[in-house]
Amino acid sequence: MTSILVIFFGAVFVNNFVLSRFLGICPFLGVSKKVETSIGMGMAVTFVMGLASLATWLLEYYVLVPFNLPYLRTIVFILVIAALVQFVELVIRKISPVLYQALGIYLPLITTNCAVLGVALLNIQLKYNLLESVVFGVAAAIGFTLALVIMAGIRERLELVFIPKHFRGVSIALIIAGILSIAFMGFQGMM
Amino acid sequence: MIVPAVISLAVLGLLFGGLLAFASQKFAVDTDPRVEQIRELLAGANCGACGYAGCDQFAEEVVAGRAPLTGCTPGGAKVAAEIAALLGLEAPEETARMTAQLKCVGDCNVAKKRHDYLGVQDCKAALMYGGGPKACAYGCLGYGNCVRVCPVEAITMGENGLPVIDTDSCIACGLCSRECPRGLIDIVNARGVHHVRCKSQEKGKQVRAVCDRGCIACRLCVKNCPVEAIHMDNNVAVIDSSICTNCGTCVEVCPQKAIV
């Protein structure tokens with residue numbers, strides 16, 4: 001139980017996917033203009049990352065390891081994540097149009113989110129078992145959501161302040177991301 | 001070495017492909033093909049002038065019969081007729097092309113200032129701080145909220161602190177009109193060229209005290225208009241652009257040069 005908690009909080013704060021591991025930077029900058037959309041994106045990522053952790057773990061230990069094919073890991077994981085996201089999209093569209101509307105365009109976007117592949121590969125590298133993998137996946141996505149929402153909150157305020165012309169837009173966003181990242185380094189060594 | 005790799009990947013690919021094909025059959029959602037077709041017809045600016053969240057939703061609502069055929073302002077009469085044809089309905093009557101017009105001439109050279117404002121560069125924020133820096137309680141604040149909301153970039157901030165509207169690229173979505181905290185942007189018939197660029201309801205003396213060009217309600221334009229297209233409304237002259245012939249008489253007679 002303790003190890004699960006350590007994995008959870010470790011992935012959310014200490015090794016935050018965006019701010020410490022620098023995975024998933026593209027949506028971090030692209031979808032962090034409004035708090036509302038960033039929460040939507042976060043929900044979709046959490047959902048997909050949890051499922052992807054489960055699917056890739058099963059694939060690794062029931063297909064790749066028995067058949068002695070670990071060198072195919074990356075490409076197989078990409079394949080499974082892409083297929084999974086498409087499948088989930090189809091199912092959600094049928095079963096819950098409301099959720100489909102809420103997740104909207106973010107769901108297909110996640111197919112190419114490197115954080116999802118990152119979590120799948122890290123699960124194998126860190127030799128987690130099935131439960132730990134899923135917890136790690138969900139926690140990493142929650143960490144991603146946390147970073148996204150914080151960033152969106154800051155950027156909503158940035159809209160209203162005077163910023164020198166050459167810093168406007170992405171440049172100020174990157175500077176803020178850097179400062180945030182330094183702030184999150186404060187969690188390092190806490191666990 | 002290479003054979004098991006190829007086989008396993010091919011099998012996995014087939015498996016996922018099959019799964020997706022099965023899922024797309026099993027979980028197929030019936031959509032009305034007309035929604036897609038109407039979506040293609042629309043102007044596609046996602047401006048929200050129709051009152052719905054983007055073109056996709058408007059297309060759905062039109063097919064469902066909940067939105068009017070003429071809802072797409074940027075598309076105008078042409079799109080409305082095309083939608084009507086597609087849905088097998090009667091084409092709505094031709095509506096005039098509309099455009100946004102700024103109703104203020106009080107740029108920083110002619111309008112007096114009451115105080116300096118160094119806060120957030122936003123009209124609504126400036127207005128909250130003592131009613132805005134300009135002495136005129138009706139004048140344009142000039143912090144460009146309209147410039148920022150325009151979906152087609154038809155509004156630019158002019159050199160002397162008033163927004164300039166490019167009526168050719170304006171799609172009359174009305175976002176600027178709703179955004180302006182002083183309601184200085186009107187959506188008017190695009191064939192009218194001249195407008196009274198002032199909305200001050202103050203009497204002439206008070207207007208003169210705060211602005212060199214505001215409408216002082218002298219009624220000269222009303223008297224001189226050959227087609228009686230101008231009337232007074234709360235101490236401001238208003239030109240009815242559906243009657244106006246664009247003759248320009250009012251522009252010449254206006255002592256304040258408030259009609260442009």
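Quick notes on this structure:
- Number of positions in region B:99-111 that are in a loop (DSSP other than H, G, I, E, B) and at pLDDT 90 or above: 3
- Across region B:72-99, the number of residues qualifying as buried (at least 19 other Cβ atoms within 10 Å of the Cβ), touching a strand residue (DSSP E or B) at 6+ places or on another chain (Cβ under 8 Å) and of a type in the set (A, V, I, L, M, F, W, C) comes to 1.
- Being outside the structural domain of B:ILE216 (by TED's automatic domain parsing), open to solvent by less than 40 Å² (accessible area, probe 1.4 Å), part of a loop (DSSP other than H, G, I, E, B) and under 22 Å from B:ALA258 (Cβ atoms) is a description that applies to B:CYS140.
- Any hit, region B:158-166, residues being assigned to a helix (DSSP H, G or I), at pLDDT 90 or above and outside the structural domain of B:CYS50 (by TED's automatic domain parsing): no
- Residue within region A:154-162 that is within 11 Å of chain B (Cβ to nearest Cβ), aromatic (Phe, Trp, Tyr), surrounded by fewer than 18 Cβ atoms within 10 Å (Cβ to Cβ) and not in a helix (DSSP H, G or I) present: yes
- Any hit, region B:178-201, residues being open to solvent by less than 60 Å² (accessible area, probe 1.4 Å), over 21 Å from B:ALA100 (Cβ atoms), outside any helix (DSSP H, G or I) and of a type in the set (A, V, I, L, M, F, W, C): no
- Subset of region A:112-137 (residues that are under 12 Å from A:ILE78 (Cα atoms) and in contact with an Asp or Glu (Cβ under 9 Å, 6 or more places away or on another chain)): A:ALA120
- Within region A:163-191, the residues that satisfy the criterion of being surrounded by 16 or more Cβ atoms within 10 Å (Cβ to Cβ) and within 30 Å of B:ARG148 (Cβ to Cβ) are A:ILE172, A:ALA173, A:ILE176, A:ALA177, A:LEU180.
- The listed residues are B:LEU69, B:LEU102, and the only one of them that is open to solvent by less than 60 Å² (accessible area, probe 1.4 Å) and in the same structural domain as B:CYS140 (by TED's automatic domain parsing) turns out to be B:LEU102.
- Scanning region B:7-30 for residues that are more than 10 Å from chain A (Cβ to nearest Cβ) and open to solvent by 70 Å² or more (accessible area, probe 1.4 Å) gives B:LEU14, B:ASP30.
- Condition check for B:LYS257: open to solvent by 40 Å² or more (accessible area, probe 1.4 Å), part of a loop (DSSP other than H, G, I, E, B) and not β-branched (Val, Ile, Thr): yes
The values are calculated or read from the model by the stated rules, or taken from the named source; none is laboratory data. Note that the structure is a prediction, hence the values are computed from the model and not measured. Virtual Cβ from ideal backbone geometry, glycine too; neighbours counted across all protein chains shown. Keep in mind that these areas ignore ligands, DNA and RNA; they rest on the heavy atoms of the full protein, side chains included. Shrake-Rupley method; radii C 1.70, N 1.55, O 1.52, S 1.80 Å.
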